[in-house]
Structure formats: C-alpha cells, structure tokens
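Take a look at the structure set out below.
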Amino acid sequence: MNITSSKVVNILLIVLLSVSSTAFIYLSFFSDNKANPTSVSSDISVANKALMINPIIGDPFDLNEVTSKVIVVNFWATWCGPCLIEIPALISLKNTYASDDLQIIGVSMDDSESTVKRFSQKNPFNYPITMQSYFIRKKFGNIAAIPTTFVLDENLNIIKKFQGYHQKSTLESVILSIL
C-alpha cells in the first residue's frame with residue numbers, strides 16, 4: 001500500500017474537520033452557560049407550572065391551555081437544509097388537521113431572533129415559532145440534532161420523538177394514531 005503525502009494531508013483534514021464539527025455541536029447544544037433564565041424573551045417558561053409560549057410573531061399563550069389532542073413541537077434552524085425541507089410538510093399537516101385538534105409549534109435553534117423573524121416574513125408559517133431557551137431544554141432536554149420533532153398528546157406527554165428529517169407520511173401516521 002503506497003501512501004502519498006497528499007493522502008496523509010487529506011486524512012488529517014478529515015480528522016480536523018470531524019473534531020471541530022464535534023466541538024461545535026457540543027458547544028452549541030450541550031453547553032448550559034448560554035442560557036440565562038432571567039433574560040429570555042421568546043421561550044416556553046415554567047413559572048407557576050405554566051408553559052408560556054412567546055412566539056416571535058403573535059400573542060403569547062400557555063401550552064397547558066392548548067386544547068389540541070396532538071401537539072407537534074419541531075426544533076429547527078434557518079441554516080438547516082433538512083429542516084427547510086421538512087417545514088412545508090408541517091405547514092401542510094397543520095392545514096389538513098387543524099380542525100381535528102392538531103397544534104404545531106416551531107422552536108428555532110438559531111442564535112438571532114431577528115434572523116428568524118426575517119426568515120418567517122419571507123417564508124410564512126401557519127403555526128407559532130419561538131426561540132430555544134433554558135426553559136425549553138428543561139421541558140424537552142438538550143437537542144443533539146436538528147430537525148428534532150416531538151409529538152405530544154393532549155396531556156403534554158411525549159408520545160414520539162423523531163431525530164433528523166422524516167417524510168410527511170411518517171409524521172402523519174403518528175398524528176393520526178392519536179387523533
């Protein structure tokens with residue numbers, strides 16, 4: 001086996017990229033010192049057992065008071081390709097099953113609320129979008145990959161957790177099993 005210097009350089013670059021990607025993911029999603037519960041603007045809060053959702057556009061509401069049979073919570077980001085492919089499916093599901101008691105909530109993992117506002121103005125959602133926060137991590141745990149989607153029942157029990165992109169039919173089958 002003949003290993004050339006260009007092969008060694010390529011292998012080192014791949015290792016370096018892997019290590020830096022792992023460090024980025026760890027610092028982005030598992031570092032707790034980013035969250036300061038006293039300075040959160042758009043989030044789900046747990047004060048007084050309320051799960052207040054403060055959408056970036058629209059009026060706040062208490063998740064505990066949502067009367068939907070099925071609640072889908074989707075973690076996404078404006079820079080995430082698979083997330084952007086999944087969003088039209090979520091919009092379609094909301095259009096199809098809103099009258100059947102489906103509520104969808106998007107949780108952006110972006111660093112900037114203004115970025116998400118600009119994105120949502122160009123690409124309108126038919127469901128509320130909030131920013132990730134300490135309180136959301138407290139309810140759903142750290143999100144290791146996006147998109148990540150939780151399907152909850154009317155009592156806010158997590159029925160199913162999907163990591164990565166899933167087709168509309170996969171999400172729809174779980175939703176229909178609860179409706």
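The values are calculated or read from the model by the stated rules, or taken from the named source; none is laboratory data. Values in this document were obtained by computation on a predicted structure and should not be read as measured data. For neighbour counting, all protein chains shown are included, and Cβ atoms are generated from backbone atoms with ideal geometry for every residue, glycine included.
Within the range 107-140, track down each residue that is assigned to a helix (DSSP H, G or I) and in contact (Cβ under 8 Å) with a residue 40 or more places away in the chain. Before you say what the answer is, go through the steps one by one.
The first filter runs over the range 107-140 and keeps only residues assigned to a helix (DSSP H, G or I), leaving 113-122, 134-140.
Those that are assigned to a helix (DSSP H, G or I) and in contact (Cβ under 8 Å) with a residue 40 or more places away in the chain: Glu113, Val116, Lys117, Phe119, Ser120, Tyr134, Phe135, Ile136, Arg137, Lys138, Lys139, Phe140.
Which pairs have Cβ atoms under 7 Å, sit 6 or more apart or on different chains, and link a residue in the range 56-68 that is outside the structural domain of Met131 (by TED's automatic domain parsing) to one that is assigned to a loop (DSSP other than H, G, I, E, B)?
Note: no pairs meet the criteria.
Which residues, taken from the range 162-175, are of a type outside the set (Ser, Thr, Tyr), in contact with a Phe, Trp or Tyr (Cβ under 9 Å, 6 or more places away or on another chain) and farther than 14 Å from Ile104 by Cα?
Listed by number, the list holds a single entry, Phe162.
Scan Asp111, Asp153, Asp101 and give me the residue that is at positive phi and of a type in the set (D, E, K, R).
On the way: Asp111 fails: at positive phi; Asp153 fails: at positive phi.
Unique residue meeting the criteria: Asp101.
Within the range 137-149, can one find any residue that is out of contact with any Leu (no Cβ under 8 Å at 6 or more places or on another chain) and within 22 Å of Asn95 (Cα to Cα)? Walk me through how you get there before you give the answer.
Of all residues in the range 137-149, those out of contact with any Leu (no Cβ under 8 Å at 6 or more places or on another chain) come to 137-138, 140-148.
Add one more test, that the residue is within 22 Å of Asn95 (Cα to Cα), and what stays is 147-148.
Yes, the range 137-149 has at least one match.
Using the structure shown, decide if Glu86 is touching a residue at least 40 places away in the same chain (Cβ under 8 Å), acidic (Asp, Glu) and either under 15 Å from Thr148 (Cβ atoms) or buried (at least 20 other Cβ atoms within 10 Å of the Cβ) (or both). Let's see the steps before the verdict.
Working: touching a residue at least 40 places away in the same chain (Cβ under 8 Å): yes; acidic (Asp, Glu): yes; either under 15 Å from Thr148 (Cβ atoms) or buried (at least 20 other Cβ atoms within 10 Å of the Cβ) (or both): yes.
Here the answer is yes, as Glu86 does meet what is asked.
Output the residues belonging to the range 55-98 that are farther than 24 Å from Gln163 by Cβ and assigned to a strand (DSSP E or B).
Listed by number, the residues that qualify are Phe61, Asp62.
Residues in the range 141-164: is at least one touching a residue at least 60 places away in the same chain (Cβ under 8 Å) and in a helix (DSSP H, G or I)?
Checked against the condition, which is being touching a residue at least 60 places away in the same chain (Cβ under 8 Å) and in a helix (DSSP H, G or I), the range 141-164 yields no hits at all.
Identify, by number, the condition in (1) in contact (Cβ under 8 Å) with a residue 60 or more places away in the chain; (2) of a type in the set (A, V, I, L, M, F, W, C); (3) touching a Pro at 6+ places or on another chain (Cβ under 8 Å) that Ile175 doesn't meet.
So Ile175 meets the others, but not (3).
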